[in-house]
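Bear in mind that the values in this text are calculations on the coordinates, not laboratory data. Quick caveat: nothing in here was measured; it's all calculated off a predicted structure. We place every Cβ from the backbone using ideal geometry, glycine too, and count neighbours over all the protein chains shown.
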Amino acid sequence: MSQVPVSNYLKNTIPQFREQFLGLIHRIPLFAKAPDETLGVLFDYATLIHAKDRERIIKQGSFDQRIFILLNGKLNVLFKDADKESLVDTMKQPFTLFGERSLLADPRGASIESDGSTFLMSLDMAFLPDIIGGYESAERQVEDPLYQQNIDFYTMFSFVLIHRLETLEWEEYRYKQTISWVRDHFDFWKQYRTTIAPIQHFIAETQPLFTENLPAEWFATLTTSLSAKEKSHKLRELYMHLLRERTLGTIDKMDTNISQLLKYATLEENWDELSLEINNPLPEILTLSNFLKQLYQDIEATGLVSDHMRLPEFLDSLISRESIDPLGFSQVLTKRKWVSNRFSLAYVMFLFCKHCINAVSQANRRIVQMLKTIRKINGESADLLGTNHLDLIAEFGQLYELQQQSFEEEKQTGSEAETDELPDDLSQDDIEALFNSM
């Protein structure tokens with residue numbers, strides 16, 4: 001897929017539907033909390049695209065500045081190693097963000113190809129001020145208020161990326177345990193799972209391990225009768241506290257109780273029987289602590305943040321009760337005046353995205369290798385939108401149809417695009433068939 005012509009931006013094809021677009025985009029979780037001003041800029045540089053079967057959306061090794069959102073359909077992620085290209089992943093969850101490596105001005109790390117008819121939104125991020133160039137040379141910086149757009153978009157993307165990284169860390173840990181168990185053919189799990197104590201007993205046994213690090217009232221609360229939802233929230237808080245303590249180096253050892261705690265602290269449907277290994281070092285899920293330490297060190301090395309932001313303060317501002325919170329972190333940096341201007345905050349959030357993107361890429365590659373190992377030995381994500389996403393997809397389809405009508409009108413008046421390729425036209429029958437097939 002070649003570079004999208006400037007004339008294809010929504011601001012040029014369907015400017016009269018700006019408000020309708022803003023209403024739709026606000027319903028996508030990624031953009032739900034973004035200010036209208038930011039989403040207005042997005043409208044200016046977005047394009048709706050229909051990709052045919054096996055059409056390459058992204059080519060590994062290429063350079064461009066676009067990020068994509070899958071609206072409907074299925075995409076294959078292909079990675080070429082030496083002369084062999086392999087399928088490493090698929091994407092079919094509506095409103096999945098992909099192509100974020102373009103933010104780093106790095107070559108594309110993999111190819112993305114449509115699997116059947118696919119409906120996408122393309123975002124040309126070239127409008128953002130050059131944050132890398134501005135950091136390398138103050139002379140290349142623009143007026144400081146203009147970096148607010150960088151802050152808004154980097155913060156939004158970092159929210160998605162850190163969630164993706166955490167999910168991959170758990171997935172990687174499960175695969176490692178699968179390999180270990182299949183190789184060794186242990187039947188210990190079958191014996192052990194019938195003797196797991198109730199959660200009240202588990203917490204009572206766990207408490208002495210963390211007396212110095214965890215508030216006693218947490219255990220008192222958890223030993224009472226809780227609903228599944230309440231238990232999930234409370235133990236998620238406890239997991240985040242463990243992550244913080246691990247990053248600070250306070251805990252570094254694993255035992256049965258912590259294993260069980262980590263199980264309860266996550267979504268249990270994402271935890272299988274092979275995920276639990278007893279009497280081991282802390283599982284790789286807590287390598288997120290390494291990610292946080294490296295991120296802190298790189299932010300500190302920029303010299304753009306105040307000396308008052310030590311590692312404990314950094315963790316307190318980034319880790320909320322139940323999650324790693326980039327938006328809260330950005331707000332704390334400003335509120336406590338740890339950064340002196342918008343450029344500094346924009347660059348810090350850029351570093352957050354950069355570390356997430358690189359960590360996600362590394363995790364994906366490790367998982368690919370582990371899957372190959374599992375195949376030799378042995379001889380999808382939660383829907384954030386619930387059941388209402390089909391209506392939202394259909395409304396984007398209507399916008400696409402309006403965009404295509406604009407193209408037809410432009411052709412009739414004899415106008416020419418600025419490049420030699422336009423998105424493929426869809427007839428009314430095609431539009432109806434696309435959405436009737438969902």
Phi-derived 3J(HN,Hα) across segment 366-373 with the Karplus relation (6.51, -1.76, 1.60, θ = phi - 60°), rounded Hz, x for Gly and Pro, is 5, 5, 4, 5, 5, 5, 4, 5
Classified through the alpha carbon gyration tensor (a ≥ b ≥ c as square roots of its eigenvalues; rounded if a/c is under 1.5, else prolate when a/b is larger than b/c, else oblate), segment 72-140 comes out oblate
Which residues qualify? For Ser320, with a placed amide H closer than 5 Å and at least 5 residues away or on another chain, they are Asp325
Summed over the other residues with a beta carbon less than 11 angstrom from that of Ile67, with K and R at +1 and D and E at -1, the charge totals -1
With x for Gly and Pro, the residue-by-residue ³J(HN,Hα) of segment 89-94, computed from phi through the Karplus equation 6.51 cos²θ - 1.76 cosθ + 1.60 at θ = phi - 60° and given in whole Hz, is 6, 10, 10, 9, 6, x
Ranked from fewest to most other Cβ atoms within 10 Å of their own Cβ, Ser340, Ser361 fall in the order Ser340, Ser361
Counting Lys and Arg as +1 and Asp and Glu as -1 over every other residue whose Cβ sits under 13 Å from the Cβ of Trp338, the net charge comes to 0
Descending packing, highest mean Cβ count within 10 Å first, for 42-55, 17-30 is 42-55, 17-30
For 71-78, 363-370, ranked highest to lowest by mean beta-carbon neighbours within 10 Å, the order is 71-78, 363-370
Honestly segment 1-156 on the Cα gyration tensor test (a ≥ b ≥ c root eigenvalues; a/c under 1.5 rounded, otherwise a/b vs b/c for prolate or oblate) is just oblate
Non-local residues with an amide H under 5 Å from the amide H of Arg66, with H modelled 1.01 Å from N and Pro and chain starts lacking one, are Met125
By the mean-Cβ-within-10 Å protection proxy, highest first, 59-68, 105-114, 294-303 rank as 105-114, 59-68, 294-303
Phi angles of segment 95-108, converted by Karplus (6.51 cos²θ - 1.76 cosθ + 1.60, θ = phi - 60°) into ³J(HN,Hα) in whole Hz with x for Gly and Pro, give 6, 7, 7, 8, x, 5, 4, 4, 4, 8, 6, 9, x, 4
A student applying the Cα gyration tensor rule (rounded when a/c is under 1.5; otherwise prolate if a/b is larger than b/c, oblate if not) would label segment 40-108 oblate
